[in-house]
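Visitor: Below you will find the structure I want to go over with you.
The values are calculated or read from the model by the stated rules, or taken from the named source; none is laboratory data. Worth saying up front: this structure is predicted, and the values here are computed from it rather than measured. For the accessible areas, the whole protein counts, side chains as well, though only heavy atoms, and no ligand, DNA or RNA atoms are used. Shrake-Rupley method; radii C 1.70, N 1.55, O 1.52, S 1.80 Å.
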Amino acid sequence: WEEEKLLSKTFELFRNYSSQKMASAFDDRFKCYKNFPPVEKTEYTHPKHVPEDAVWSSMHLMGKECVIGHIYRNVFYVVFLDKDHRFYITELK
């Protein structure tokens, strides 16, 4: 991510969201999923260290680039850096 100039954008995104209360932070760029995506909708596997009932979330940087993680006690834990939007594969709009 550093070579593609995405790391600094990620830290700026974290800085912006960290100044908000969790409930007000969710928008079209920061959303939650009820579950880990089904196998046919993802190229990732559920890490063993993340609880099965984790609240998965994604933060979009600019376009398709996302930071994927889970929320526990109002803390967002980064799990994946998803440059090509392969965590939850959807049809292009």
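Visitor: Could you work out the helix-only [θ] at 222 nm for the chain, with each DSSP H run of four or more residues adding -39,500 (n - 2.57) and the total divided by the number of residues, to the nearest 500 deg cm²/dmol?
Guide: Counting only the DSSP helices, I get -4500 deg cm²/dmol.
Visitor: Where does each of D82, D28 land when they are ordered by accessible area, with a 1.4 Å probe and the largest first?
Guide: D28, D82
Visitor: Moving on. Taking Cα centroids, how far is the stretch 12-28 from the stretch 57-93 in Å?
Guide: For the stretch 12-28 versus the stretch 57-93, the Cα centre distance is 14 Å.
Visitor: On to the next question. With θ set to phi - 60° and the Karplus curve 6.51 cos²θ - 1.76 cosθ + 1.60, what are the ³J(HN,Hα) couplings of the stretch 49-66 in order, to the nearest whole Hz, using x for Gly and Pro?
Guide: Karplus-based 3J(HN,Hα) across the stretch 49-66 equals 7, 9, x, 4, 8, 4, 8, 6, 9, 9, 10, 7, 7, 10, x, 8, 5, 9 Hz.
Visitor: Got a sec? What order do T45, T10 fall in by accessible area at 1.4 Å, biggest, i.e. largest, first?
Guide: Descending accessible area places them as T45, T10.
Visitor: Which of R15, R73, R29 moves most in a GNM of the chain, Cα contacts under 10 Å?
Guide: Comparing R15, R73, R29 in a Gaussian network model of the chain, the most mobile one is R73.
Visitor: Run the reach check for K31 against aspartates and glutamates, Cα to Cα strictly under 16 Å, same-chain hits fewer than 8 apart removed. What comes back?
Guide: In chain and number order, the partners are E65, D82.
Visitor: Another question, if that's okay. Note the full-extension length gain between I89 and K5 as 0.36 nm times their separation in residues minus their Cα-Cα distance, in nm to one decimal.
Guide: 27.9 nm
Visitor: Do the alpha carbons of any pairs in K9/K64; K5/K34; K34/K83; K5/K64; K5/K48 sit beyond 24 Å of each other, and which pairs?
Guide: K5/K34; K5/K48
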